[in-house]
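**Student:** This structure is in structure tokens; I'll ask about it shortly.
The values are calculated or read from the model by the stated rules, or taken from the named source; none is laboratory data. Everything numeric in this text was worked out from a predicted model, so none of it was measured. Reconstructed Cβ throughout: ideal geometry from the backbone, glycine too, with neighbour counts over all protein chains shown. The protein model used for the area step is the full one, side chains on, heavy atoms only, and it has no ligands, DNA or RNA in it. Shrake-Rupley method; radii C 1.70, N 1.55, O 1.52, S 1.80 Å.
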Amino acid sequence: MATHPGGLTLDDSTGLDPVVRVRGLSRRFGGRTVLDDLDLEIGGNEFVALLGRSGSGKSTLLRALAGLDPDVAGDGRVEVPENSSVIFQDARLLPWQRVLANVVLGLSGPGAVQRGLERLAEVGLAGRERAWPNQLSGGEQQRVALARSLVSEPRLLLADEPFGALDALTRIRMHGLLRELCRRHRPAVLLVTHDVDEAVALADRVLVLDAGRITVDTAIELPGPRQHRHPRFLEYRERLLAALGVTTDEGTIP
Amino acid sequence: MATHPGGLTLDDSTGLDPVVRVRGLSRRFGGRTVLDDLDLEIGGNEFVALLGRSGSGKSTLLRALAGLDPDVAGDGRVEVPENSSVIFQDARLLPWQRVLANVVLGLSGPGAVQRGLERLAEVGLAGRERAWPNQLSGGEQQRVALARSLVSEPRLLLADEPFGALDALTRIRMHGLLRELCRRHRPAVLLVTHDVDEAVALADRVLVLDAGRITVDTAIELPGPRQHRHPRFLEYRERLLAALGVTTDEGTIP
Amino acid sequence: MPFGSALGPLLLLAVWSLGSLTGVLDERTLSAPWTVVTTSGDLIASGRLQESLLVSTQRAGLGLALGVLIGTVLALTAGLSRWGEAVIDGPVQIKRAIPALALLPLLILWLGIDEQMKIVTITLGVFVPVYIHTHNGLRTIDQRYVELAEALRLGPGRFVRRVVLPGALPGFLLGLRFAVVSAWLSLVVVEQINSTSGIGYMMELARQYGQTDIIIVGLVLYGILGLLSDGAVRLVQRRALSWRRTLAD
Amino acid sequence: MPFGSALGPLLLLAVWSLGSLTGVLDERTLSAPWTVVTTSGDLIASGRLQESLLVSTQRAGLGLALGVLIGTVLALTAGLSRWGEAVIDGPVQIKRAIPALALLPLLILWLGIDEQMKIVTITLGVFVPVYIHTHNGLRTIDQRYVELAEALRLGPGRFVRRVVLPGALPGFLLGLRFAVVSAWLSLVVVEQINSTSGIGYMMELARQYGQTDIIIVGLVLYGILGLLSDGAVRLVQRRALSWRRTLAD
Amino acid sequence: AKDDRPTVRLALDAPLPAKVPSGTVLRVGDKELQKAIEFSGQAEKLSFDVSWANISGGPETLEAFRADALDIGSVADIPPIHAAWTGQPTKIVAAKFRQDPINHPIYQLGVAPGAGVASLADLRGRKIAYSPGQAQGALVLRVLHQAGLTKGDVKLVELASTGDVYPTALASRQVDVAPIGGINVKRYLAKYARDGGTTISHGLRDDPGHLYVRAQTLEDPAKAAAIREYVQAWARAWVWIEQNPDEWIDRYYVKNQGLSREDGQWLVDNAGVPDIPASWSDVIARHQQTIDLLAKETGNRSLNAADLYDRRYESVGATAFGRA
Ligand SMILES: Nc1ncnc2c1ncn2[C@@H]1O[C@H](COP(=O)(O)OP(=O)(O)OP(=O)(O)O)[C@@H](O)[C@H]1O
Ligand SMILES: Nc1ncnc2c1ncn2[C@@H]1O[C@H](COP(=O)(O)OP(=O)(O)OP(=O)(O)O)[C@@H](O)[C@H]1O
Ligand SMILES: [Mg+2]
Ligand SMILES: [Mg+2]
């Protein structure tokens, strides 16, 4: 099984004890096939990054895993652990609840507030507990959503671009937070991202979704702390960018 | 004056004929000062990128330029051209209008639909004219918002993270589109982004907002097409990341 | 759900039938369903029911159309201008708080007892829910869309057509649900005055004569008309608001 | 806006005063404002006005409380369960379509002519707008928040308390605006029956005796009560929905 | 409906029991005489409890009867007829009239300003307010009959007579003629005489005032006995009103009903002297005429007026009236 962080050991999707099992998953929206007979397995504490073009069906896949959209046309078998947690592509805070209440929404019992406050402090929003969601900046909203998903201890974390609206520094801090969570509770993670560097830096395994199927499924094997300038890092990066249709030439401004 | 793309010639913010003039702009939200006596000028067809931490006030500044939030506490003088166009941080499509209608919302007269269709095709959404906004993926919504702002020919484009939800390839295409617009209509652009590479690759000038003031204001001077691997590119990148609080060590996974 | 929305009314009918059969519901005070059917049959045979319904439908329809128009225009005026709000909103709230029955003498005085008065009274009843709901819908349009309109420098006409009206549409349609029913209900009041036709008149007469069976026919008719009109508006609602994704979907 | 929402009512008052002064409005049919003031003074001196108001307020208040409770519970039941919807919604729509005046004989039949019947009648009038608005508000909660609740596996209790109730609150409060006014209006109907007190009784008596000035006092009273109750709910609305940023802000 | 018929039924022709069992309650809707019975001290003397209801008018009392919420209603002569026609048998247990009824009518025909109606003969071709089912409606039919006209000779404007609708309709010239009663006559003249509004007498008796009960109530011996006692108190209260007009005006019209003293005085002056006849034969004969006319005009079956009366009570009121 993969241990994280650092991608020390690894197994592929056919490994033992997968917590996510998807077989023959299809999703169609009005005739357009978005997911096409897709298979996927994620191991017990595996960290999987999902890349793909805009509109390729990443969110659709995540939503299917989260058990949403039961009415959408399509079929397939999906097994996920009971205790999973979702970060939506939009922050999706309840506008009528203050920030803290949003964070502890799924939590009950004593200590909930305390845990909520801790998570908020970790995402850099100490002191904003009583703000309304619409008083937050875009990145702050996204961090509240992150805090909300981390406050419970999920066995599976489904995260749809949770860092999209964050600046470089905050993003790095949030990476650290996520890694810390993984270290402590060892959840399986499926992280949708557009940032190939982020995928390579964080994940045990990177998938690329294209035309409704997983076209690339590559384990990331990097020794020790992952250096962006490590040649293997750059190699993975190049390879994945190519899979997404970006040639290195295009990565420049002509 | 700066000509774009490629950042061939440049002038600093005190140059001739600025279309945006901001003097002593302050904004406070319930006691917290977000913008603090800020000055800014943007030249006639200058491309300015705005960086800053999450919550540093980038959107607040953009909204002030767009003339929104007149009720927010604060003062200062803001001059912007009449004909300016805004891309909000959220895609902000009218949910009750179909995609095409959203794109041509601000347009009237004959040919509006034609232009809308063209822009939609350019952002890769040909054939989705009649979809409802909530049937689009996050990146698709963002592209519709982009199309909407490009369909008019603004003298000033205020764009708040317009590419945040886009994958690498789509993002590169959208960069091209924006550059094409700049070549044709020579608007002034203020682009908020979290991607330092994007800022360096696109802008004539990069600003960093911190603690309510502009702490870095650097012209980007790179010869010819901007290569990500050009040493000067990397130097700018490093310098801006440092200004944002990211040391190169932190850019790696420990 | 096999019967869906018909289940409730069917259940009601079943309870009513059972009550009548067992004698729990006294025939003299609440006629049995079959009595209602035969009485309706008699009324139809004599032409009274269709005639009443026709006359009433015309009145209600005309009043409804006028009321919806006036309510919408007032709501737009009050919702979009501070002066409009200040001048219009208070009087509408007052109008709504004043009982129609008590207003009737004044209306007779000013408008007479002819058709005109009846239409005006229905209109006055109809415009209030349309106004309030449209106004409320409009005032609660998300500020983000208003900002968008400002940023795009939409002209007032386009702002109203593209942002305000569609944004207020859910409110308007909810108001319409009340308005259609209100139009039918107003008949009870207006058709007491100088009428010799209409379902309100039919019921009023039956009430004065204590003709329970006809009263119940009237009530059933009102129930059916209400269900149908409300259902029609809901259908429009579903169509016109198909862009929404809500709990109900 | 210097006077804000008071402008409209003040304007109305001005027109009325002017009309009375110039004789355009006939004192015999619409008493002048000053007559209303002196008549109110007399009614207060004799204790009739306060007494009527007190009795009516108790009735209306009790009916309102019950109606709001019932309406909310029914709306939740119908809005959250398919069976509830099927069984409850149709009958409520039917109830709403049936004229109160015509329903009264049946209510008298089942509940007698005492206080109980009056409270029930008010309750029946009140629960309908509360039900419809809460139900509508609830059914139109954004699907995204429902998904969030599912994803967080919120229990039903928490789902209702954190998502459904706050999400339906704007609808509920709009319904409440109708409910408070409806409670006052119901008095006109119920206090015609076996009452010897209350403002509805006071007006009915004045109508029988042709005391125009007292009728107008009653109408003004209704107007004021309506404005005040509506204003109170709007205040609550502003407070409770302070998280919203809308066109009105 | 609650069905609390007594276990011991009293036949409708059995002699009236004299003694009222304890615990008997009579529910009475007669707001005017309620006060007179209270003021005159009759209320304390009653050997049973009275539960007063403020219910008046034909449709309302009938509704209350059906709901078993009322035992005695106080109405004119039309409601018992409609009750019979709609399957609710009732019996009149007391009948009160006015001395010199032609000159002390309850109703006058109000004439709109400028309508130019000076006598019943002028009614031809006029718009007349007509409320079928109400006493005023029946009066209009009788007046037309008296004037030798039929419904076709005039234009009947169907208008329910609630509150001040009729005076309003007259004042705004929506109808030419409308029967108006009580204080509204005074008001109408006070307000619109200067515009030319007038009233004319219809020249008919419109003075019947009945207490009526459901036939089934009379099957209960306790209630039957209580009704007997109530009718006596009722008759004595009429005498008391006649003898104490000032106290009546002050305590009832002014304090209780909120009218001015002058209004109260006017009402007392125009009410004439009450008369409770010892024999109902003439009463029934007149009632029969009304029934026949109504039956013809409304297309209902004819009734036997005698069936509407319980003549066991014929002498009860009159005797008390005479001895009070
Ligand atoms: N409710 C819907 N009705 C119709 N089409 C839909 C609906 N939801 C999604 N789609 C379409 O399905 C495709 C996949 O959507 P999805 O949201 O999964 O994309 P994505 O990979 O998450 O893209 P992005 O990176 O832009 O968020 C898109 O083309 C989208 O337009
Ligand atoms: N309406 C408001 N009420 C209170 N505080 C607000 C309001 N709007 C913004 N703020 C605060 O002002 C600060 C600046 O917000 P702004 O949206 O400008 O940040 P930003 O730089 O755009 O951040 P991001 O990159 O996360 O979008 C934030 O801390 C935010 O919480
Ligand atoms: Mg997506
Ligand atoms: Mg921002």
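**Student:** Could you tell me whether any residue of the range B:98-108 is in contact (Cβ under 8 Å) with a residue 40 or more places away in the chain and within 16 Å of ligand 4 (Cβ to nearest atom)?
**Tutor:** no
**Student:** Name the one entry in E:A64, E:A43, E:A36 that is within 13 Å of another protein chain (Cβ to nearest Cβ) and aliphatic (A, V, I, L, M).
**Tutor:** E:A64
**Student:** Of the residues that make up the range B:140-159, is at least one within 16 Å of ligand 2 (Cβ to nearest atom), facing chain A (nearest Cβ under 9 Å), in contact (Cβ under 8 Å) with a residue 60 or more places away in the chain and buried (at least 20 other Cβ atoms within 10 Å of the Cβ)?
**Tutor:** Checked the range B:140-159: no residue is within 16 Å of ligand 2 (Cβ to nearest atom), facing chain A (nearest Cβ under 9 Å), in contact (Cβ under 8 Å) with a residue 60 or more places away in the chain and buried (at least 20 other Cβ atoms within 10 Å of the Cβ).
**Student:** Okay, next question. So which residues in the range E:45-99 are among the polar types (S, T, N, Q), more than 18 Å from E:W234 (Cβ to Cβ) and without any contact (Cβ under 8 Å) to a residue 40 or more places away in the chain, if there are any at all?
**Tutor:** E:T86
**Student:** Could you list, in sequence order, the residues of the range B:59-81 that are charged (D, E, K, R) and either at the interface with another protein chain (Cβ under 8 Å from one of its Cβ atoms) or without any contact (Cβ under 8 Å) to a residue 40 or more places away in the chain (or both)?
**Tutor:** B:R63, B:D71, listed by residue number.
**Student:** Return the pair list, or none, for Cβ contacts closer than 6 Å from residues in the range D:10-31 that are within 8 Å of another protein chain (Cβ to nearest Cβ) to residues that are open to solvent by less than 50 Å² (accessible area, probe 1.4 Å), at least 6 apart or on different chains.
**Tutor:** Between residues of the range D:10-31 that are within 8 Å of another protein chain (Cβ to nearest Cβ) and residues that are open to solvent by less than 50 Å² (accessible area, probe 1.4 Å), the close pairs are D:L12/C:P91; D:R28/E:K191; D:T29/C:L109.
**Student:** Against the condition touching a residue at least 60 places away in the same chain (Cβ under 8 Å), more than 16 Å from ligand 4 (Cβ to nearest atom) and over 15 Å from the mean Cα position of the chain (by Cα), how does A:R179 come out, does it pass?
**Tutor:** Working: touching a residue at least 60 places away in the same chain (Cβ under 8 Å): yes; more than 16 Å from ligand 4 (Cβ to nearest atom): yes; over 15 Å from the mean Cα position of the chain (by Cα): no.
Spelling it out, it is not the case that A:R179 is touching a residue at least 60 places away in the same chain (Cβ under 8 Å), more than 16 Å from ligand 4 (Cβ to nearest atom) and over 15 Å from the mean Cα position of the chain (by Cα).
**Student:** Continuing with this model, one more query. Going through the range D:138-158 one residue at a time, which ones are more than 9 Å from chain A (Cβ to nearest Cβ), under 26 Å from A:N83 (Cβ atoms) and buried (at least 19 other Cβ atoms within 10 Å of the Cβ)?
**Tutor:** Result: D:I141, D:D142, D:V146.
**Student:** Are any residues in the range B:27-47 in contact with a strand residue (DSSP E or B) (Cβ under 6 Å, 6 or more places away or on another chain) and within 16 Å of ligand 4 (Cβ to nearest atom), and if so, which ones?
**Tutor:** B:R27, B:V34, B:L35, B:L38
**Student:** Yes or no: the range C:102-124 includes at least one residue that is open to solvent by 30 Å² or more (accessible area, probe 1.4 Å), more than 9 Å from every other protein chain (Cβ to nearest Cβ) and either out of contact with any helix residue (DSSP H, G or I) (no Cβ under 8 Å at 6 or more places or on another chain) or among the small types (G, A, S) (or both).
**Tutor:** Yes, because at least one residue in the range C:102-124 is open to solvent by 30 Å² or more (accessible area, probe 1.4 Å), more than 9 Å from every other protein chain (Cβ to nearest Cβ) and either out of contact with any helix residue (DSSP H, G or I) (no Cβ under 8 Å at 6 or more places or on another chain) or among the small types (G, A, S) (or both).
**Student:** Another question about this same structure. If you scan the range B:187-206, which residues turn out to be in contact with a strand residue (DSSP E or B) (Cβ under 7 Å, 6 or more places away or on another chain), under 20 Å from B:E235 (Cβ atoms) and within 14 Å of ligand 2 (Cβ to nearest atom)?
**Tutor:** Once the filter is applied, which keeps residues that are in contact with a strand residue (DSSP E or B) (Cβ under 7 Å, 6 or more places away or on another chain), under 20 Å from B:E235 (Cβ atoms) and within 14 Å of ligand 2 (Cβ to nearest atom), the range B:187-206 yields B:T193, B:V196, B:A199.
**Student:** Does any residue of the range A:89-107 turn out to be within 11 Å of ligand 1 (Cβ to nearest atom), facing another protein chain (nearest Cβ under 9 Å) and within 28 Å of B:R128 (Cα to Cα)?
**Tutor:** Yes, that holds for at least one residue.
**Student:** Give the number of residues within the range E:81-117 that are closer than 22 Å to E:H202 by Cα, within 14 Å of another protein chain (Cβ to nearest Cβ) and touching a Lys or Arg at 6+ places or on another chain (Cβ under 7 Å).
**Tutor:** Summing the residues that are closer than 22 Å to E:H202 by Cα, within 14 Å of another protein chain (Cβ to nearest Cβ) and touching a Lys or Arg at 6+ places or on another chain (Cβ under 7 Å) in the range E:81-117 gives 2.
**Student:** Also, quick follow-up: Being within 14 Å of another protein chain (Cβ to nearest Cβ), over 18 Å from the mean Cα position of the chain (by Cα) and open to solvent by less than 20 Å² (accessible area, probe 1.4 Å) is true for just one of E:L294, E:L259. Which residue is that?
**Tutor:** Unique residue meeting the criteria: E:L259.
**Student:** While we're on this one: Name, by its number, the condition in (1) open to solvent by 80 Å² or more (accessible area, probe 1.4 Å); (2) more than 9 Å from chain A (Cβ to nearest Cβ); (3) at pLDDT below 85 that does not hold for B:P254.
**Tutor:** (2)
**Student:** Identify the single condition in (1) over 18 Å from the mean Cα position of the chain (by Cα); (2) in contact (Cβ under 8 Å) with a residue 24 or more places away in the chain that D:A206 does not satisfy, given that it satisfies every other one.
**Tutor:** Result: D:A206 fails condition (2) only.
Listed here are the residues, each with its yes/no results for (1) farther than 30 Å from E:Y313 by Cα; (2) at pLDDT 90 or above.
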site: E:T199; (1), (2): yes, yes
site: E:L218; (1), (2): no, yes
site: E:Q257; (1), (2): yes, no
site: E:S260; (1), (2): yes, no
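**Student:** For the range E:114-131, which positions are of a type outside the set (A, V, I, L, M, F, W, C) and open to solvent by less than 10 Å² (accessible area, probe 1.4 Å)?
**Tutor:** E:S131
**Student:** Same structure again: Just to check your reading of the model, which residue among E:T162, E:T168 is within 14 Å of another protein chain (Cβ to nearest Cβ), of a type in the set (S, T, Y) and either under 30 Å from E:I284 (Cβ atoms) or not in a helix (DSSP H, G or I) (or both)?
**Tutor:** Checking each option against the conditions leaves just E:T162.
**Student:** For the range C:21-28, indicate whether the set of residues that are open to solvent by less than 10 Å² (accessible area, probe 1.4 Å) and touching a Gly at 6+ places or on another chain (Cβ under 8 Å) is non-empty.
**Tutor:** Among the residues of the range C:21-28, not one is open to solvent by less than 10 Å² (accessible area, probe 1.4 Å) and touching a Gly at 6+ places or on another chain (Cβ under 8 Å), which makes the answer no.
**Student:** Among (1) at pLDDT 90 or above; (2) of a type in the set (A, V, I, L, M, F, W, C); (3) open to solvent by less than 40 Å² (accessible area, probe 1.4 Å), where does E:V25 come up short?
**Tutor:** So the condition that E:V25 fails would be (3).
**Student:** From the list C:S229, C:S197, C:S242, pick out the single residue that is in contact with an Asp or Glu (Cβ under 8 Å, 6 or more places away or on another chain) and either of a type outside the set (A, V, I, L, M, F, W, C) or open to solvent by 40 Å² or more (accessible area, probe 1.4 Å) (or both).
**Tutor:** C:S197
**Student:** Out of B:A131, B:A165, which single residue is within 16 Å of ligand 2 (Cβ to nearest atom), in a loop (DSSP other than H, G, I, E, B) and at pLDDT below 95? Spell out the reasoning first.
**Tutor:** Numbers: B:A131 fails: within 16 Å of ligand 2 (Cβ to nearest atom).
Being within 16 Å of ligand 2 (Cβ to nearest atom), in a loop (DSSP other than H, G, I, E, B) and at pLDDT below 95 holds for just one of B:A131, B:A165, which is B:A165.
**Student:** Just to confirm my filter: which strands (runs of 3 or more DSSP E) fall fully inside the range B:27-125 and include at least 3 residues that are buried (at least 22 other Cβ atoms within 10 Å of the Cβ)? Lay out the reasoning, then the answer.
**Tutor:** Numbers: elements: B:32-43, B:47-52, B:77-79, B:84-87.
Correct list: B:32-43, B:47-52, B:84-87.
**Student:** Just a yes or no: is a residue in the range A:196-215 in a strand (DSSP E or B), more than 16 Å from ligand 4 (Cβ to nearest atom), open to solvent by 10 Å² or more (accessible area, probe 1.4 Å) and in contact with a helix residue (DSSP H, G or I) (Cβ under 7 Å, 6 or more places away or on another chain)?
**Tutor:** yes
**Student:** Which condition does A:R171 not pass, out of (1) away from chain B (no Cβ under 14 Å); (2) within 16 Å of ligand 4 (Cβ to nearest atom), if it passes all the others?
**Tutor:** Failed condition: (1).
**Student:** Further question on the same structure: Please verify whether the range C:38-48 includes one or more residues that are within 30 Å of D:V87 (Cβ to Cβ) and in contact (Cβ under 8 Å) with a residue 40 or more places away in the chain.
**Tutor:** Yes: one or more hits.
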